[in-house]
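The structure appears below as structure tokens.
The numbers here are math on the coordinates, done by the rules we state, and not lab data. What you see is a predicted model; the values in this text were computed from it and never measured. No Cβ is skipped: glycine too gets one built from the backbone with ideal geometry, and neighbour counts run over all protein chains shown.
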Amino acid sequence: MEFVTLFGIYLCSVLAAIALLGLCSGRKEGFLARSTSSASQVLSFVIPTQLQRATQRALHRLFHTRSCLFVGLHVALQAAVYGEYTWEVFVYCWELQFPLLLLLLPYLLLAGNVGCFVLCSRANPGIITKSNHASLVKVYAYDGVLFQKGIVCPACNLEKPARSKHCSKNLNFLDKPNSLCSVCVHRFDHHCVWVNNCIGAFNARYFLLYLLTLTATAAAMTTITTAFLVQVVLLSNVMEGRYIDDEGRERAVDVLFLIQHLFMTFPRIVFMLGFVTLLTLILGAYSCFTLCLALTNQTSNEWCKSRRCGVSPQLTALSPSRKAVYRNIYSKGVWMNLKEIFMLATAVERKKKT
């Protein structure tokens, strides 16, 4: 049972870390945020005030200012996973005569993912300036609900085009307002700490491709590693064996014993498999969400805002008789929505020239 305890601690630690990242990098307050806030109030009675303020400053610098920390963490995690895959999984699978193209698939996906990552992090997301303001104002109409005409950004001192947003947390942290990029971004989606850049009109296509290739990479590694372990189990006939438990009784091999056996035989491979499997599930869910937004021509900023309006675009479509507080006027069909994401930058450039 020691293995089960250790594995449970490992799984809980990974889930807690992911929840903390999602909480601190998220913009909207949900159940988890309220629960954490309540817990923080309770802990405030036992934690010294100076330590609380130091922790707040550290979290503020980590999640609400531009930093390459998450970029470095992103690269380090990829290097660790690919190092383990190359050092053990690839070699073992090659000896078991796995198809070469299948074994090279994660590297091919990595090349595409790195390219999309560089383009997404280095590209101009759609920063609104005085020189391009006049052309960007004409791109989208104001819907009168989420985006009102005549609203001036107090930081940029420019009228905000529809679907734009100033990249700033505006948390008034310790009586000092803070921001991330401190610019208005055209068709603003969100600020991604993993690429250290805003996601806007001009790099949304790179972000979507980056997310899809990253998900495919994790899924490919999960599939290959799982196939390797299954092949090892089949070749060793371990499922037909028996073992003596802690009480001295002879038992047939079950799933729990099999996992423990594989962990003791290939500890790094099993840990890597657990990590990439969890990553595949999380990235897969987020990729589906992002793809749905793309197919309906919405941004995550608009999706969050529309929820505060009371009626979602989906409910409006299902119940036309219901009075709609918000209606997505930017969707023009699946094909045109995807075309807008991938061709918007070219269209804007043509408008600027004319």
May I ask for the net charge around CYS292, where only other residues with Cβ less than 14 Å from the Cβ of CYS292 are counted and Lys, Arg are +1 while Asp, Glu are -1? -2
Given the peptides 70-77, 210-217, arrange them by the average over their residues of other C-beta atoms within 10 Å, most packed first. 210-217, 70-77
With SER164 itself left out, Lys, Arg at +1 and Asp, Glu at -1 over residues whose Cβ is under 15 Å from its Cβ give +4
Would you mind checking which residues have amide H under 5 Å from ILE127's amide H? H placed 1.01 Å from N; only 5 or more apart, or other chain. HIS186
Sort 157-165, 292-300 by packing, meaning the average of other beta carbons within 10 Å per residue, with the highest value first. 157-165, 292-300
How much net charge surrounds PHE147 when only the other residues with a Cβ under 12 Å from the Cβ of PHE147 are counted, with Lys and Arg +1 and Asp and Glu -1? +3
Under a crude label model (7 Å from the Cα following the beta-carbon direction), how far is LEU258 from LEU338 in nanometres? 3.8
